[in-house]
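Q: Have a look at the structure that comes next, please.
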Amino acid sequence: MPYLTTPADIRSLIAQLTTYPILWLDTEVADWQTPNPKLSLIQVLFNSDDRTGEFAYILDVLDRPDLIQNFVVEIMCNEAIEKVFHNAAYDLKFLGGDWAQNVTCTFKIVRRMSKRKLGISNRKLKTLAKELCHFTDIDIEEQTSDWGRRPLSQKQLHYARMDTVYLAHVHQYLLQLNSPKPAVLTPPDTVNKPTANPSSFSVTQVRVAFECARLFYLGHHFGGMTMFLPPGKVLGIGSAFHDLSNQFVKTARQDAQFANLFNSPVDQLKVEPIATQMQALFYDRVFFPYLQSVIQTEPSRAPALLQLWNGLKGLIRRWATLLVSNRQVCSAEEVIEKTFLVQELSVQHQFLLPNGTQQQIRGRFDSLVYDFANHRLCVVEYKTYQSLDQSAQLAQVALYSYMLRERIGVPIDSAVYTALPDWKELTFTWNELETTVHHLIPHKLQQMQQWLTWQQGQPNPPPPAAQAHLCDSCPQRQKCQTFFPDIPTNRSVYDSVSKPIAAPPSTVIQPPRQNPIQSTKSPSSVPEPAPSNESDRMGERLVETLQSFGIETAYQGAALAPAFIRVKLKPNPGVKVNSILRLSDDLRVQLGLTYPPLIAPQAGYVSVDLPRPDRQLATFDRYIPLQAQPATAPVQIAIGVDLEGQLVEADLSDPNTCHFLVGGTTGSGKSEFLRSLLLSLLVRHSPDYLKIGLVDPKRVTFPEFEQIPWLYTPVVKDSDRAIALMNELVAEMDRRYQQFEQAKCPDLATYNQHQAPMPRIVCIFDEYADFMAEKETRSALELNIKRLGAMARAAGIHLIIATQRPEAKVVTPLIRSNLPGRVALRTASEADSAIILGGRQIEAAYLLGKGDLLYQAGAHLLRLQSLFAPSMDDTLSQLIAPRSSS
Ligand SMILES: Nc1ncnc2c1ncn2[C@@H]1O[C@H](COP(=O)(O)OP(=O)(O)OP(=O)(O)O)[C@@H](O)[C@H]1O
């Protein structure tokens with residue numbers, strides 16, 4: 001419901017409205033009880049199917065005679081446009097009087113008809129809407145509102161727009177009653193005679209239909225709220241996020257101070273300071289005055305608005321990033337204009353349905369921006385809350401992109417920006433969206449048409465929400481339960497809903513249990529509970545989604561890992577595994593996943609890993625007890641917990657896992673992984689038999705370990721000391737080999753059985769890339785890593801090299817070939833994943849972060865959840881205390 005307040009926006013809308021053949025109109029008047037009433041608002045609707053006011057525009061023309069004049073000239077005097085009012089004589093007093101052409105008055109139409117025959121109690125618009133068109137929840141409170149005061153409340157705006165909605169429906173009803181062929185036309189008495197093939201659906205209706213067919217049905221026939229209310233919803237925000245986001249763009253365009261922020265040379269522009277300054281400017285210019293006015297009129301809304309401010313700051317930071325990037329190719333004066341192309345653009349498209357009929361969709365999206373670096377347009381939707389059903393949200397933005405693309409012929413990405421509970425952006429590229437629209441939307445539109453023809457008492461009603469939890473937040477729950485009482489409440493919600501999904505990149509993830517060559521299971525491992533009904537529901541939904549892409553599979557059960565659910569699917573005979581693998585991006589879009597799910601062929605089935613809504617921690621204490629082991633015990637490091645709830649460890653004496661390369665982007669859980677790995681060594685091996693070297697250039701990964709008695713040398717933080725440490729390790733290796741030779745032992749394990757044990761040395765080298773920038777450091781480190789990698793295992797010296805940026809120039813082939821064990825946490829790109837895991841294994845780019853990892857054990861790739869040690873300090877003090885007191 002756009003509420004237009006600036007002259008430019010109002011004039012631009014008036015120009016757009018001249019292309020419509022019919023408009024439903026209403027006005028609100030200020031000081032109407034005085035001798036000098038003045039026009040306050042003009043409300044306009046151009047889509048008669050709208051039951052919620054989504055397509056209604058409100059033009060604020062208070063004290064703007066120039067704009068009223070413009071409206072009169074362009075619209076009221078335009079004979080080509082039919083203007084429908086309920087009480088035209090009154091509205092025309094303010095809108096052109098006798099100059100107005102082609103005006104229809106519904107009050108006059110009703111006056112010609114008998115009240116008894118119509119079954120109405122009076123001829124007021126709201127009565128007609130209620131008694132003829134079955135609208136409920138009609139607000140009459142605001143009828144006597146003060147329309148001269150500003151700002152207007154959300155309630156007032158809702159009231160104003162709904163009058164045009166009632167008007168359009170009443171008008172359509174009367175037209176059909178008076179039609180010469182009433183039997184063919186369907187009156188909007190939709191409870192008993194539902195409308196089939198409505199002339200147009202809105203994009204929002206399509207989204208609602210994806211979320212819940214019943215809510216779509218109820219909303220279409222009876223009106224009322226169709227937005228699921230997120231739990232913990234902050235009250236008092238209304239459309240403020242949307243309005244303020246639009247206002248930001250307008251202000252940035254008009255106020256030269258915003259453009260001035262981009263005056264510095266391009267290479268000196270920094271996102272953070274620009275974001276901060278834009279936030280401050282917007283706060284002063286718009287947000288603070290708005291807040292002040294709210295505090296004066298509705299103080300109870302202020303806390304909610306302050307919470308919203310955090311979301312707005314996130315949005316402004318996002319815009320700062322885009323503007324700084326675009327500034328590479330635009331001047332400071334142009335960059336804002338060329339980035340924010342359009343606000344509030346209406347689009348429509350005629351879709352061809354599988355049954356050969358057509359269906360029109362109309363909608364209006366919030367903003368269109370241009371990203372010069374990627375040469376891409378992007379449709380942006382502002383939403384106050386994160387959607388409870390992201391796949392439906394995606395269907396909505398995909399539709400906008402698709403319809404606009406049909407109009408202008410270039411690929412268009414989409415983004416949804418939400419303010420609460422925290423700022424969040426979801427972006428989708430055109431490639432990800434295109435298939436969604438092609439495959440799913442026509443099918444869904446056909447279903448929507450069929451659902452609307454259903455009548456009470458008939459079999460096959462519209463199905464309930466695909467995600468059962470949505471019912472808890474449904475705004476029409478009660479009405480739904482009384483209207484669809486025939487459906488047992490415990491029936492599978494997937495019985496007849498075809499919800500779309502998408503699929504993963506090609507991958508070779510092997511069954512997790514098959515290769516214990518290097519991996520051993522801890523006897524203390526804790527099995528996860530059996531898959532729940534929720535897993536089965538997710539599995540069934542996946543099957544249905546694949547079905548909507550024409551891919552038939554059978555659900556064969558699911559396994560629960562701490563972070564994800566592995567759904568097992570058996571492709572039907574004739575269905576190629578590749579056809580499922582190829583749907584990775586579509587599954588991401590349809591299931592609303594942050595990343596495409598990992599899909600892999602397994603022995604006898606295809607596995608699809610979906611993130612668990614109730615993700616679990618794999619806490620360190622639960623899997624590894626404090627238990628000292630003898631000097632000769634194998635030295636194992638904890639890698640993570642597998643699908644069967646068992647701890648997978650790697651034996652450092654094994655040639656395949658004696659040295660490790662670990663990669664993971666920020667937030668992947670790399671630091672926690674290294675810390676729990678280290679702790680798994682300390683809890684089992686005394687400092688007499690184990691020494692630890694730590695390299696921590698960022699000084700944030702190992703602060704708790706600075707004083708531990710296991711340290712081979714103090715924690716290393718700079719490149720000179722790192723080179724020195726590696727030199728020392730090489731020298732130690734050489735020394736050990738000499739000792740082995742004298743003792744005639746081939747390796748440390750044999751040596752320790754016969755001689756006073758030598759400790760194993762494990763060197764954990766974090767942020768290795770930080771040292772690779774300088775050529776000399778790089779050569780020195782590389783050379784030593786090569787020597788240690790090739791020979792140190794037998795000498796009981798092991799390297800664990802970790803990096804956030806596993807780029808080819810950092811992790812050179814020389815290093816890779818000497819570090820056989822690989823762990824990839826979530827990587828920043830597919831290329832980074834391939835560098836860590838080797839070959840074409842790009843899957844780590846789609847992991848969930850926070851310790852979700854891929855462990856390459858020989859030829860097998862295991863997906864594990866790394867251990868999390870929240871009470872690291874306690875564990876360390878327990879380990880150290882007995883030693884220091886003894
Ligand atoms: N195994 C895990 N289980 C649960 N949460 C985890 C796990 N590992 C990490 N996390 C959480 O993920 C977040 C990022 O973890 P961590 O700091 O280890 O990431 P990182 O890859 O080192 O990134 P950065 O370099 O930004 O610190 C933290 O909030 C951490 O608590």
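Q: Being modelled with pLDDT of 85 or more and of a type in the set (S, T, N, Q) is the filter here; which residues of region 301-347 pass it?
A: 310, 321, 325, 326, 328, 331, 339
Q: So for region 622-645 (the condition being without any contact (Cβ under 8 Å) to a residue 60 or more places away in the chain, more than 30 Å from residue 750 (Cβ to Cβ) and touching a Leu at 6+ places or on another chain (Cβ under 7 Å)), does at least one residue qualify?
A: Checked against the condition, which is being without any contact (Cβ under 8 Å) to a residue 60 or more places away in the chain, more than 30 Å from residue 750 (Cβ to Cβ) and touching a Leu at 6+ places or on another chain (Cβ under 7 Å), region 622-645 yields no hits at all.
Q: Test residue 424 against the stated conditions and say whether it is surrounded by fewer than 18 Cβ atoms within 10 Å (Cβ to Cβ), basic (Lys, Arg) and under 25 Å from residue 243 (Cα atoms).
A: yes
Per-residue answers, yes or no, for (1) at pLDDT below 90; (2) surrounded by 21 or more Cβ atoms within 10 Å (Cβ to Cβ); (3) part of a helix (DSSP H, G or I); (4) small (Gly, Ala, Ser):
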{"position": "20", "(1), (2), (3), (4)": "yes, no, no, no"}
{"position": "28", "(1), (2), (3), (4)": "no, yes, no, no"}
{"position": "41", "(1), (2), (3), (4)": "no, yes, no, no"}
{"position": "48", "(1), (2), (3), (4)": "yes, yes, no, yes"}
{"position": "57", "(1), (2), (3), (4)": "no, yes, no, no"}
{"position": "69", "(1), (2), (3), (4)": "no, no, yes, no"}
{"position": "84", "(1), (2), (3), (4)": "no, yes, no, no"}
{"position": "90", "(1), (2), (3), (4)": "no, no, yes, no"}
{"position": "98", "(1), (2), (3), (4)": "yes, no, yes, no"}
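Q: Looking at (1) open to solvent by 20 Å² or more (accessible area, probe 1.4 Å); (2) modelled with pLDDT under 85, which one does residue 122 not meet, given that it meets all the others?
A: It fails just one condition, (2).
Q: Kindly provide the set of residues from region 848-876 that are away from the ligand (no atom under 16 Å from the Cβ), more than 20 Å from residue 597 (Cα to Cα) and either without any contact (Cβ under 8 Å) to a residue 60 or more places away in the chain or among the β-branched types (Val, Ile, Thr) (or both), ordered by number.
A: Scanning region 848-876 gives a single hit, 874.
Q: Of everything in region 620-673 that's within 16 Å of the ligand (Cβ to nearest atom) and of a type in the set (D, E, K, R), which residue is nearest to residue 821 (Cα to Cα)?
A: 649
Q: A follow-up question, please. Considering each of 769, 828, 845 in turn, give the residue that is within 16 Å of the ligand (Cβ to nearest atom), of a type in the set (A, V, I, L, M) and touching a strand residue (DSSP E or B) at 6+ places or on another chain (Cβ under 7 Å). Don't jump to the end; show me each part of the working.
A: Numbers: 828 fails: touching a strand residue (DSSP E or B) at 6+ places or on another chain (Cβ under 7 Å); 845 fails: touching a strand residue (DSSP E or B) at 6+ places or on another chain (Cβ under 7 Å).
Exactly one of 769, 828, 845 is within 16 Å of the ligand (Cβ to nearest atom), of a type in the set (A, V, I, L, M) and touching a strand residue (DSSP E or B) at 6+ places or on another chain (Cβ under 7 Å), namely 769.
Q: Is it the case that residue 758 is open to solvent by less than 30 Å² (accessible area, probe 1.4 Å) and either within 17 Å of residue 799 (Cβ to Cβ) or not aliphatic (A, V, I, L, M) (or both)?
A: Numbers: open to solvent by less than 30 Å² (accessible area, probe 1.4 Å): yes; either within 17 Å of residue 799 (Cβ to Cβ) or not aliphatic (A, V, I, L, M) (or both): no.
So residue 758 fails the test.
Q: Output the residue which, of all residues in region 578-621 that are open to solvent by 20 Å² or more (accessible area, probe 1.4 Å) and charged (D, E, K, R), is farthest from residue 416 (Cα to Cα).
A: The selected residue is 621.
Q: Of everything in region 302-350, what is over 12 Å from residue 371 (Cβ atoms) and assigned to a strand (DSSP E or B)? Give them in sequence order.
A: Matches in region 302-350: 342, 343, 344, 345, 346, 347, 348, 349, 350.
Q: Let me ask you something else. I need a count of the residues in region 70-82 that are among the charged types (D, E, K, R) and closer than 13 Å to residue 14 by Cβ.
A: 1
Q: Identify, from the list 328, 307, 348, the residue that is surrounded by fewer than 21 Cβ atoms within 10 Å (Cβ to Cβ) and out of contact with any helix residue (DSSP H, G or I) (no Cβ under 7 Å at 6 or more places or on another chain).
A: From the options 328, 307, 348, the qualifying one is 307.
Q: Still on this structure: Which of the residues spanning region 136-182 are assigned to a loop (DSSP other than H, G, I, E, B) and open to solvent by less than 10 Å² (accessible area, probe 1.4 Å)?
A: 147, the sole residue that qualifies.
Q: Between residues in region 548-577 that are farther than 25 Å from residue 613 by Cα and open to solvent by less than 20 Å² (accessible area, probe 1.4 Å) and residues that are away from the ligand (no atom under 16 Å from the Cβ) and not hydroxyl-bearing (Ser, Thr, Tyr), which pairs lie under 8 Å by C-beta distance while being six or more apart or on different chains?
A: 551/571; 551/575; 551/580; 551/583
Q: I've got another one for you. Can you tell me which residue in region 332-345 is nearest to residue 443 (Cα to Cα), limited to those that are open to solvent by less than 40 Å² (accessible area, probe 1.4 Å) and either of a type outside the set (Asp, Glu) or in contact with a Leu (Cβ under 6 Å, 6 or more places away or on another chain) (or both)?
A: The qualifying residue nearest to residue 443 (Cα to Cα) is 345.
Q: Just the residues that are under 35 Å from the mean Cα position of the chain (by Cα), open to solvent by 20 Å² or more (accessible area, probe 1.4 Å) and either more than 16 Å from the ligand (Cβ to nearest atom) or not aliphatic (A, V, I, L, M) (or both), please, taken from region 674-716.
A: 675, 697, 698, 699, 703
One line per residue, one yes/no per condition, for (1) assigned to a loop (DSSP other than H, G, I, E, B); (2) farther than 27 Å from residue 700 by Cα; (3) open to solvent by less than 20 Å² (accessible area, probe 1.4 Å); (4) in contact with a Cys (Cβ under 8 Å, 6 or more places away or on another chain):
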| position | (1), (2), (3), (4) |
| --- | --- |
| 790 | no, yes, no, no |
| 798 | no, no, yes, yes |
| 814 | no, yes, no, no |
| 828 | yes, no, no, no |
| 850 | yes, no, no, no |
| 855 | no, no, yes, no |
| 864 | no, no, yes, no |
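The values are calculated or read from the model by the stated rules, or taken from the named source; none is laboratory data. Note that this is a predicted model, so its numbers are computed, not measured. FYI the Cβ positions are ideal-geometry reconstructions off the backbone, even for glycines, and counts take in every protein chain you see. Quick note on the areas: whole protein, heavy atoms, side chains included, nothing else; ligands and nucleic acids left out. Shrake-Rupley method; radii C 1.70, N 1.55, O 1.52, S 1.80 Å.
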